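First up is the structure itself, then whatever we jot down about it.
Read the figures in this text as sums done on the coordinates, not as results from a lab. Everything numeric in this text was worked out from a predicted model, so none of it was measured. Neighbour counts are summed over all protein chains in view; Cβ atoms, including those assigned to glycine, are modelled from backbone coordinates with ideal geometry.
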Amino acid sequence: RKEVEQDPGPFNVPEGATVAFNCTYSNSASQSFFWYRQDCRKEPKLLMSVYSSGNEDGRFTAQLNRASQYISLLIRDSKLSDSATYLCVVNTNAGKSTFGDGTTLTVKP
Amino acid sequence: NAGVTQTPKFQVLKTGQSMTLQCAQDMNHNSMYWYRQDPGMGLRLIYYSASEGTTDKGEVPNGYNVSRLNKREFSLRLESAAPSQTSVYFCASSGLATGVYEQYFGPGTRLTVT
């Protein structure tokens, strides 16, 4: 079983839709959590950190459930520019990260 | 402030050739990483360096060596390239900010081994 698992998708949604991605992790000692975005053939870029209390950045909301070892990302009012691969990242020790394989999102007009 | 830079951007090698991928960061980060990403796959950690003077193996270290030259630079060497090492290689760095380690990536090196 992989340390970090994501639904690979692809998710194909119309503009304006709300879409949610899920991620589970196996190491209960994990300390910090992130969502990254990766555009085709580009480097991953940090989208947002994920905090236990949940956090929001504009149209993006991230949630963490430590008891269930589960992370989610909700995107509201999807834009064409949101089309990308979204990577779930878990830090188990200070300075070392494990990446999920990513969930691909395509937003269509 | 360039962030994380990598050279070269593209490289084609023949089987058995060697090469070194260079990475540098100007964010004064302690930790640096090398990942590979195969087509349609996630990132896999090759080696990382938690601080200057230390290096540790990641998930897929075989066939690679690394050097943490100083705090800024972290190089990855392929001693005898194989077609299985055809991939995109990303370097990243991270520093402790607000209690968590966020990673910042370079633009990648696209390597083809024939």
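Quick notes on this structure:
- Quotient of Cα Rg and 2.2 N^0.38 Å for chain A, N being how many residues it contains: 1.02
- Put a dot 7 Å past the Cα of A:ARG76, heading toward its Cβ, do the same for A:GLN31, and the two dots end up 3.3 nm apart.
- Relative contact order of the range A:1-101, defined on C-alpha pairs under 8 angstrom at six or more residues apart (%): 35 percent
- With the convex hull of its Cα atoms as the shape, the protein assembly as shown has an orientation-averaged projected area of 12.5 nm².
- Cleavage-rule hits (GluC sites (Glu not before Pro)) in the range A:1-90: DSSP loop, at most 12 neighbouring Cβ within 10 angstrom: A:GLU15
- Taking the Cα centre of chain A as reference, the dipole from Cβ charges on Lys and Arg (+1) and Asp and Glu (-1) amounts to some 140 debye.
- Its relative contact order, with pairs defined as Cα atoms under 8 Å and 6+ residues apart, puts the range B:1-98 at 34 percent.
- Neighbour count of at most 10 Cβ within 10 Å plus DSSP loop: longest trypsin sites (Lys or Arg not before Pro)-free window in chain B: B:15-114
- Pair A:GLU3, B:THR5: separation of 7 Å Cα→Cβ label points (nm): 3.1 nm
- For the range A:43-109, the list of trypsin sites (Lys or Arg not before Pro) that fall in a loop by DSSP and count at most 11 other C-beta atoms within 10 angstrom reads A:LYS79.
- Cys with no candidate disulfide partner in chain A (beta-carbon separation under 4.7 Å rule): A:CYS40
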